[in-house]
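The values are calculated or read from the model by the stated rules, or taken from the named source; none is laboratory data. The structure presented is a predicted model; accordingly, all values stated were derived computationally and were not measured. Surface areas here come from the heavy atoms of the whole protein model, side chains and all, with no ligands, DNA or RNA. Shrake-Rupley method; radii C 1.70, N 1.55, O 1.52, S 1.80 Å.
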Amino acid sequence: MDGTPNYMYNRIPYNFAFNLYLATRKFEDSLKIIEQVIPFFTPELNITIRDKEDFGLKTDIPVVLNNTSFTIDWQGSFETRRTVQWDLSFTAKGYLYSNVRE
């Protein structure tokens, strides 16, 4: 660097909503996966990130599990192939940054 100071305007809080979809053939298999995910969100999971390395900022980002739902889809008899689908809805409470200026 040439010694000129860098600056940045304040960050803006923003909620990022996203979904995670899970599909299995057996309901028991889907429950085994779900029981590995759900306990971490009590009620939120905090993730520490290095979001602006040039300023040395580390931020805790809470990720909230909003909703879970499942559907079982099959046609015909119980011996035919079926699909178990889970939909997990999350919100990550992150930040948006402006450009770094000199």
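Per-atom-type breakdown for the chain gives carbon and sulfur 52% of the accessible area (1.4 Å probe, protein chains only). For the pair Asn15 and Thr71, the difference between a 0.36 nm per residue extended length and the Cα-Cα distance amounts to 17.5 nm.
Can you tell me how the chain classifies by the Cα gyration tensor, rounded, prolate or oblate, using a/c under 1.5 as the rounded cut? Prolate, because a/c is 1.5 or more and a/b exceeds b/c. Going by alpha carbons, how many degrees (0 to 90, nearest 10) lie between the helix axis of 27-37 and the longest principal axis of the chain? Once rounded, the angle reads 20 degrees.
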